[in-house]
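Note sheet for the following structure.
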Amino acid sequence: MSSLSASAENVSSGGSGAGGGDSNSQDGSSSMCLELALEGERLCKAGDCRAGVAFLQAAIQAGTEDLRTLSAIYSQLGNAYFYLADYPKAMQYHKLDLTLARSMNDKLGEAKSSGNLGNTLKVMGRFDEAVICCDRHLTLARQLGDKLSEGRALYNLGNVYHAKGKHMGQRNPGDFGDDVKEALSKAVEYYKQNLKLMRELGDRSAQGRACGNLGNTYYLLGDFQAAIEHHQNRLRIAREYGDKAAERRANSNLGNSHIFLGQFEDAAEHYKRTLALAVELGEREVEAQACYSLGNTYTLLREFGIAIEYHRRHLAIARELCDRVGEARACWSLGNAYSAIGKHYEALQYAESHLRLARELQDKVGESTATVNICDLRKILGFPELKLPIELEERYEDTEFLAELDSNISQGRMVRVRRQSMEQLDLIKITPDGKQQQKQQNSKTEPKNNSKAQD
């Protein structure tokens, strides 16, 4: 950290700490404190935060009367604990840093520590407190005329409101209440201010991050066209810098947005690029997700043979990674795809695998769906009827129940995992953009059967 480096320069040039007492003893302890702190900082920067924390704690024990050095140690400890995911301790040290900065009337230090504290509170889910800290960071940065610090504060505020909106809105894109929309709209506002400032400063890398976050926020708001526009900008900037990871994320996000607009061919192209980049980067989990997305996209395009190829590839990687949730999704998807092309025996095998996995995962909805699918397939194949569990027996012919199961599956409730875009395939019909496009398509396709769907 620059404060520790400045303290080191001060000691080497013969500077002294605060007055009072035995100056030689104080200089000795301050020098030891600084040496330990610098080693702790070096270890943290090298990625060994646990060892770094030990040295930084030892530096505090050695003691110093140089408040700027102590502030820098607190800040470094807060950051180290943050990276170690020990957020209560990170908050504790960022608060100590903030208190010291205020006692020294160090406005720049107060701005920095307020931002660090805000980020920590955000991760802890204490969004309203995080907003207060980030607002203070922004106010101080503007008072100091520090554009870079102002940019960080705007970006952090956008992140806090984005996280708050996602936390409150555990639904599908565009299907949120007013409180969630308000939080996400504020995120858009701050990201836009950050983007404007980064353009003024000519920071293309920061512009890319802002575009990506704007795309993600518009996606959650259900404005998929705006999401596409910003993710395309993110993609262009990622290519400028040769940032393959950012390019991969942008392609994945573009695929997700095109899906919700019913533009399946475009989605497939972006998912293919996502897959190629995931392979290039050695990201096996992302490769699996891209295969799953491609399988579902080609199912929507009714190209079931291609869909099966991708789902089988997804299944192989899921088994390799011991990802039982992914394996269950792959088996369910393969059962549906084989059933769609009339290969009912193969479909039955995957439905039975899905049932075993659902029971292992204690996924009641998945278990019910797999059981119903098995009963249907055995009947088609002329096999002896399977005895349904009592709780399903009376509901087997209940079309509303079956429709609810289908809806649960399509909306990603087969298993309780983080939302994946391709688990909500049927939602295309009910999103605002999807409805509008569907109306436009219907008005164009009804007079002429050979009319092409709108991009």
Within the under-14-Å Cβ sphere about Lys186, not counting Lys186, Lys/Arg +1 and Asp/Glu -1 give a net charge of -1
By the gyration tensor of its Cα atoms, with a ≥ b ≥ c the square roots of the eigenvalues, what is the shape of the stretch 164-263: rounded for a/c under 1.5, prolate for a/b over b/c, or oblate?
oblate
Contour minus Cα-Cα span, Glu269 to Asp86, at 0.36 nm per residue, comes to 61.8 nm
If you consider only alpha-carbon coordinates, what radius of gyration and Dmax does the stretch 54-197 have, in Å?
16.6, 56
Separation of alpha-carbon centers, the stretch 101-163 and the stretch 254-279, rounded to whole Å
36
Here is the link list: Lys122/Lys186; Lys45/Lys186; Lys107/Lys164; Lys164/Lys192; Lys147/Lys186; Lys192/Lys244. Which ones come out longer than 26 Å on Cα distance?
Lys45/Lys186; Lys107/Lys164
By the Cα gyration tensor axes a ≥ b ≥ c (a/c under 1.5 gives rounded; else a/b larger than b/c gives prolate, otherwise oblate), the shape of the stretch 200-335 is prolate
If you take every residue apart from Glu280 with its C-beta less than 15 Å away from the C-beta of Glu280, what net charge results, scoring Lys and Arg +1 and Asp and Glu -1?
+2
Taking a label point 7 Å from the Cα of Arg50 along Cα-to-Cβ, the residues of the stretch 60-83 whose backbone nitrogen sits under 16 Å from it are 80-83
Rounded to the nearest 10 Å², what accessible area does Ile259 show when all protein chains are kept and the probe is 1.4 Å?
0
Would you mind calculating the gained length between Leu108 and Asp243 on full extension (0.36 nm times residue separation, minus the Cα-Cα distance), in nm to one decimal?
45.4 nm
Select from Ser293, Gln349, Gly382 the residue farthest towards the positive end of the dipole of the stretch 283-394; place +1 on Cβ of Lys and Arg, -1 on Cβ of Asp and Glu, and compute about the Cα centre.
Gly382
Take the alpha carbon gyration tensor of the stretch 283-394, find the square roots of its eigenvalues, order them as a ≥ b ≥ c, and report rounded if a/c is under 1.5; if not, report prolate when a/b exceeds b/c, else oblate.
oblate
Summed residue charge, Cβ within 12 Å of Asn79's Cβ, Lys/Arg positive, Asp/Glu negative:
0
For Thr297, Thr99, what's the largest-to-smallest order of accessible area, 1.4 Å probe?
Thr99, Thr297
Rounded to the nearest Å, what's the spacing between the alpha carbon centres of the stretch 301-320 and the stretch 197-219? Just the number, please.
35
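The values are calculated or read from the model by the stated rules, or taken from the named source; none is laboratory data. As the structure is a prediction and not an experimental result, all values here were calculated from the model. Here Cβ is always computed from backbone atoms with ideal geometry, including for glycine, and neighbour counts include all displayed protein chains. For the accessible areas, the whole protein counts, side chains as well, though only heavy atoms, and no ligand, DNA or RNA atoms are used. Shrake-Rupley method; radii C 1.70, N 1.55, O 1.52, S 1.80 Å.
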